[in-house]
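Data block below; observations after.
The values are calculated or read from the model by the stated rules, or taken from the named source; none is laboratory data. For clarity, every value in this text was computed on a predicted model and none was experimentally measured. Using ideal geometry, Cβ is built from the backbone for each residue, glycine included, and neighbour counts are taken over all protein chains shown. These area figures cover heavy atoms from the full protein model, side chains too; ligands, DNA and RNA do not enter into them. Shrake-Rupley method; radii C 1.70, N 1.55, O 1.52, S 1.80 Å.
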Amino acid sequence: IKAGKEEGSISIASFKKVIEENPGSVMLVDVRDAATFKQGSFKTAVNIPIDDLEKKLDSLPKDKTIIFFCNSGGMAGEAYDLVNMLGSGFKIYYVEAEISFNKDGSYTIKPLSA
């Protein structure tokens, strides 16, 4: 896993490679609300809305890399900061990018606009 520009972020190229080649090697956590999650997400992702994350900290694995994501990186970055502050022993990253999901499971990902 290659780090991105921001502290705690994963590079888009590295993220795409993990998703396509070995999605089971990481835990993908979609931090958007449940209704948005149902509209489309990565097939292997679990939904833990940002507001529930603190309560569910104990359910996160310490033996697997965790990658938080949302649509724009904002909530994913908050999730990274929260787990970094409250938890220890986690290997965590977040995706700082714009991600759009389609009903068929496909997605587009692009760097954030300046």
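Filter the range 50-60 for residues that are of a type in the set (D, E, K, R) and farther than 14 Å from residue 75 by Cα; which is surrounded by the fewest Cβ atoms within 10 Å (Cβ to Cβ)? Outline the logic, then answer.
Taking the range 50-60 and keeping what is of a type in the set (D, E, K, R), we get 51-52, 54-56, 58.
This time we only want the ones that are farther than 14 Å from residue 75 by Cα, so: 55-56, 58.
Numbers: 55: 9, 56: 12, 58: 6.
Taking the candidates together, the pick is 58.
Quick check on the range 9-29: of everything there that is part of a helix (DSSP H, G or I) and touching a residue at least 40 places away in the same chain (Cβ under 8 Å), which residue is surrounded by the most Cβ atoms within 10 Å (Cβ to Cβ)?
My answer is 15.
Taking the conditions exactly as written (loosely packed, with under 15 Cβ neighbours inside 10 Å and in a loop (DSSP other than H, G, I, E, B)), does residue 6 satisfy them or not?
yes
For the range 62-70, does any single residue satisfy the condition of being polar (S, T, N, Q), outside any helix (DSSP H, G or I) and either free of Cβ contacts under 8 Å to residues at least 12 places away in the same chain or closer than 24 Å to residue 24 by Cβ (or both)?
Yes, there is a match, as at least one residue in the range 62-70 is polar (S, T, N, Q), outside any helix (DSSP H, G or I) and either free of Cβ contacts under 8 Å to residues at least 12 places away in the same chain or closer than 24 Å to residue 24 by Cβ (or both).
Quick one: which of 71, 47 is under 22 Å from residue 113 (Cβ atoms), open to solvent by 10 Å² or more (accessible area, probe 1.4 Å), under 12 Å from the mean Cα position of the chain (by Cα) and not acidic (Asp, Glu)?
Result of the check over 71, 47: 71.
Scanning the range 30-44 for residues that are among the polar types (S, T, N, Q) and outside any helix (DSSP H, G or I), which turns out least open to solvent (accessible area, probe 1.4 Å)? Talk me through it step by step, then tell me what you get.
Narrowing the range 30-44 to residues among the polar types (S, T, N, Q): 36, 39, 41, 44.
Then drop every residue that is not outside any helix (DSSP H, G or I), which leaves 39, 41, 44.
Working: 39: 115, 41: 18, 44: 74 Å².
Of everything passing the filter in the range 30-44, 41 is least open to solvent (accessible area, probe 1.4 Å).
Checking residue 78 against (1) in contact with a Gly (Cβ under 9 Å, 6 or more places away or on another chain); (2) open to solvent by 70 Å² or more (accessible area, probe 1.4 Å); (3) at pLDDT 95 or above, which single condition isn't satisfied?
Against the list (1) in contact with a Gly (Cβ under 9 Å, 6 or more places away or on another chain); (2) open to solvent by 70 Å² or more (accessible area, probe 1.4 Å); (3) at pLDDT 95 or above, residue 78 comes up short only on (1).
May I ask you to list the residues in the range 71-114 that are touching a residue at least 40 places away in the same chain (Cβ under 8 Å) and in a loop (DSSP other than H, G, I, E, B)?
72, 73, 96, 97, 102, 103, 105, 111, 112
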